[in-house]
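A short write-up of the structure that comes next.
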Amino acid sequence: MRLAIALAPLALLAAAIPAFAGTITIEGRGEVRAAPDMALINSGVTTQGGTAREALDANTAAMADLIAALKEAGIEARDIQTSGFSVNPNYVYSDARDENGYSLPPKINGYQVSNTVTVAVRDLEELGTILDKSVNVGANTINGVSFSVTDPTELYNEARKAAFADARSKAELYATAANATLGELEAISESQNINSPIPMPMYARADVAASAVPVEAGEMTFEIGVNVQWELDTKAN
């Protein structure tokens, strides 16, 4: 009788604690959309010359005009960074062959110099005007425009909250279907993703009108994926 009395409280305690049934791991996703507040332009000048010196001198003069125009448009020096420079010969190939029937080697017919800068534009209302001015002073290649948000911290935090809520909602659904409840949180891991319009190359033309280039910034998607693991407890019958 004493043994039965001693075991009774333990039996009641066991009945009050859900039985551990394993774990459940669920993926959740959350995203936040926002308009960008800055853009990056990769633009530059490509020049030709009979000699490497001639091509370089022409390129240096054109790049100096481009950088001056960018600064006059309000771009700070810290937002202009050289991103590419090359000097290459132009080869001319011939179908002619030597006396043994071998193709003759190509000949150098002048040189080409390319210099590009990456420019951060922090006032998007000026983006079209800056593109136009760049072309007007000699930029003959614009290799694309990409948009971004200067500080996406809060956007990612909102996406994290949405991702965890999504994971928990799914986990509770599965737990209910399995006649169980969610227990202690075991682990969380995340992955980050940002989707923006793919930059498309833009090539300068001699007949560009003297007006701001139309540019649409659109919206960007900031996405977080999480994997969350909980203990899974069976419900008492």
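Between THR25 and THR176, take the C-beta separation as r, use R0 = 22 Å, and let me know the FRET efficiency to the nearest 0.05.
Taking R0 as 22 Å, the efficiency between THR25 and THR176 is 0.85.
Collect residues whose amide H, placed 1.01 Å from N in the peptide plane, falls under 5 Å from the amide H of MET220; neighbours closer than 5 in sequence don't count.
Here the answer is ALA34, ALA35, since their amide H atoms fall under 5 Å of that of MET220.
Please list, in order along the range 149-160, the HN-Hα scalar couplings obtained from phi with the Karplus expression 6.51 cos²θ - 1.76 cosθ + 1.60 (θ = phi - 60°), rounded to whole Hz, x for Gly and Pro.
10, 4, 10, x, 3, 5, 5, 5, 5, 5, 5, 4
Once amide H atoms are placed 1.01 Å from N in the peptide plane, what residues at a sequence separation of 5 or more from GLU186, or on another chain, have their amide H within under 5 Å of its amide H?
Here the answer is GLN229, TRP230, GLU231, since their amide H atoms fall under 5 Å of that of GLU186.
So with the 1.4 Å probe, I'd like the accessible area per residue for the range 41-178, rounded to whole Å². Let's see the in-between values first.
Numbers: 7880 Å² over 138 residues.
Result: 57 Å² of accessible area for each residue.
Full-extension gain between ALA212 and ALA77, please, as 0.36 nm times their residue separation minus the C-alpha to C-alpha distance.
Going from the current span to full extension adds 46.4 nm.
At 0.36 nm per residue, and after removing the present C-alpha to C-alpha distance, how many nm does the segment from ALA64 to SER189 gain when stretched out fully?
40.1 nm
Sequence neighbours fewer than 8 away in the same chain don't count; with that in mind, list the lysines whose C-alpha is under 23 Å from LYS170.
Straight-line reach from LYS170, under 23 Å: LYS161, LYS235.
What order do you get for 117-130, 77-90, 99-112 when each peptide is scored by the mean count of other beta carbon atoms within 10 Å, highest first?
In descending order of packing, they fall as 117-130, 77-90, 99-112.
Return the distance in nm (one decimal) between the two label points of a simple spin-label model at SER146 and ASP95, each offset 7 Å from Cα along Cα→Cβ.
My value for the distance between the label points is 4.4 nm.
Going by amide H atoms built from the backbone, whose H comes under 5 Å of the H on SER83, apart from near neighbours?
Those qualifying (amide H under 5 Å, at least 5 residues apart or on another chain) are THR116, VAL117, THR118.
The values are calculated or read from the model by the stated rules, or taken from the named source; none is laboratory data. Predicted model only: the values in this text are computed from it and were never measured. Note: ideal-geometry Cβ built from the backbone for every residue, glycine included; neighbour counts use all protein chains shown. Accessible surface is based on the protein model in full, side chains and every heavy atom, while ligands, DNA and RNA are left aside. Shrake-Rupley method; radii C 1.70, N 1.55, O 1.52, S 1.80 Å.
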